[in-house]
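All of the numbers you see were taken from the coordinates with simple rules; none came from a lab. Predicted, not measured: the structure shown is a model, and the values here were computed from it. Cβ sites come from the backbone with ideal geometry, for glycine too, and all protein chains shown count toward neighbours.
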Amino acid sequence: MGVYNCFGKKGIQLKVGNCALKDYQIGDKVDIPDGVYIGYGGVVVIKDGIFIADFDNLTDKWGGVITPRNLL
């Protein structure tokens, strides 16, 4: 439980940075450091302080799917 921000149309929830129940869409400026963030609902990519992409999963070097649920 707690306060989080949502990213993308899927509403990927992240508890990173200043959480204030904000809803970000691709292209929005965000106040968290650049990086690839893995949340329970998917993956969020931040570059130059802008939310640039979201994905359902990551892919390993063999083409296998890595879902956020596999990491828990």
Restricting attention to the range 39-66, which residues are among the acidic types (Asp, Glu) and in contact with a Phe, Trp or Tyr (Cβ under 7 Å, 6 or more places away or on another chain)?
Asp54
Matching residues, the range 34-54, being surrounded by fewer than 16 Cβ atoms within 10 Å (Cβ to Cβ) and touching a strand residue (DSSP E or B) at 6+ places or on another chain (Cβ under 7 Å):
Asp34, Gly35, Val36, Tyr40, Gly49, Ile50, Ile52, Ala53
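With the condition being of a type in the set (Ser, Thr, Tyr) and under 12 Å from the mean Cα position of the chain (by Cα), I'd like the strands (runs of 3 or more DSSP E) fully within the chain carrying at least 3 qualifying residues.
Values: elements: 5-7, 12-14, 35-39, 42-47, 50-55.
Output list is empty.
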